[in-house]
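This report concerns only the one structure given below.
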Amino acid sequence: MNFSVNVLGLAGCGKSTFLSRLQHQAYVGRYSPTWFTNVIPITFQTSAGPITVNFTDQKCQFDTVVRPADGAIYMIDYTSKLSLKHAKDFERKQGPIPSITVVNKADIAERKIRTPPEGSIEVSSKSCYGISDSVQALLRQLTHNNELTLIW
Ligand SMILES: Nc1nc2c(ncn2[C@@H]2O[C@H](COP(=O)(O)OP(=O)(O)O)[C@@H](O)[C@H]2O)c(=O)[nH]1
Ligand SMILES: [Mg+2]
């Protein structure tokens, strides 16, 4: 199985860090802005067999063109109120496709967002908290299979 997934959220919210966490199981602490659009294929082992997701990581701005995809990850940053607005804008632009909303940087105590959107998943790309849960939720949405479990 093969899916394309757009990763969308305000610059600095942690999209590239989240993807390198999935790719290398490692945290890359330094900030290097994303200039180009990168497609990162990652294969996950699941109870329904291997699933490859081609994640699109891109420089996100308010005028970013959102391409069609099989699914999307909308990322919010707990330390940025603006990121909440951007995630909603991206969701509207992308339209109704299988998706999850993650709220990243859960490891930071000083939060600007008090009430994250309903159904969103709290993650920390730094500590790895919630990462496998979020991927499992995404794969369940993409496959329309709520029994699917991620082998992490
Ligand atoms: N404390 C903390 N910092 C994070 C986390 N995820 C990303 N960062 C940091 O946030 C900054 C922006 O991350 P990056 O992945 O480049 O954001 P992008 O612009 O959305 O791709 C970097 O300095 C990361 O190290 C996290 O879960 N916790
Ligand atoms: Mg980036």
Would you confirm whether or not the stretch 87-95 contains a residue that is within 22 Å of Ser4 (Cβ to Cβ), at pLDDT below 95 and aliphatic (A, V, I, L, M)? no
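Starting from residues that are hydrophobic (A, V, I, L, M, F, W, C) and modelled with pLDDT of 85 or more, keep the ones in the stretch 44-64 and report whichever is nearest to ligand 2 (Cβ to nearest atom).
The selected residue is Phe55.
Looking at Thr56, is it over 14 Å from the mean Cα position of the chain (by Cα) and either within 26 Å of Leu150 (Cα to Cα) or of a type in the set (S, T, N, Q) (or both)?
Against the criterion (over 14 Å from the mean Cα position of the chain (by Cα) and either within 26 Å of Leu150 (Cα to Cα) or of a type in the set (S, T, N, Q) (or both)), Thr56 does not qualify.
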Is there a residue in the stretch 125-138 that is within 11 Å of ligand 1 (Cβ to nearest atom), of a type in the set (D, E, K, R) and out of contact with any helix residue (DSSP H, G or I) (no Cβ under 7 Å at 6 or more places or on another chain)? yes
Evaluate the following for Leu8: is it without any contact (Cβ under 8 Å) to a residue 40 or more places away in the chain, within 12 Å of ligand 2 (Cβ to nearest atom) and under 21 Å from Gly130 (Cα atoms)? no
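Take the residues in the stretch 116-152 that are assigned to a loop (DSSP other than H, G, I, E, B) and among the β-branched types (Val, Ile, Thr); name whichever of them is farthest from Gly49 (Cα to Cα).
Looking only at the stretch 116-152, we keep the residues that are assigned to a loop (DSSP other than H, G, I, E, B), and these are 116-120, 123-130, 144-149, 152.
Adding the requirement that they be among the β-branched types (Val, Ile, Thr) leaves 123, 149.
Details: Val123: 25, Thr149: 10 Å.
Among those residues, the one meeting the criterion is Val123.
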Please find, within the stretch 1-43, the residue that is farthest from ligand 1 (Cβ to nearest atom) out of those that are charged (D, E, K, R) and modelled with pLDDT under 95. Arg21
Please verify whether Thr64 is more than 13 Å from the chain's Cα centre (by Cα), more than 17 Å from Tyr129 (Cα to Cα), within 9 Å of ligand 1 (Cβ to nearest atom) and of a type outside the set (Gly, Ala, Ser), treating the condition exactly as stated. no
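The values are calculated or read from the model by the stated rules, or taken from the named source; none is laboratory data. This one's a predicted model, so the numbers in the text were calculated from it and none came from an experiment. Positions of Cβ are generated from backbone atoms using ideal geometry, with glycine treated the same way; all protein chains shown enter the neighbour counts.
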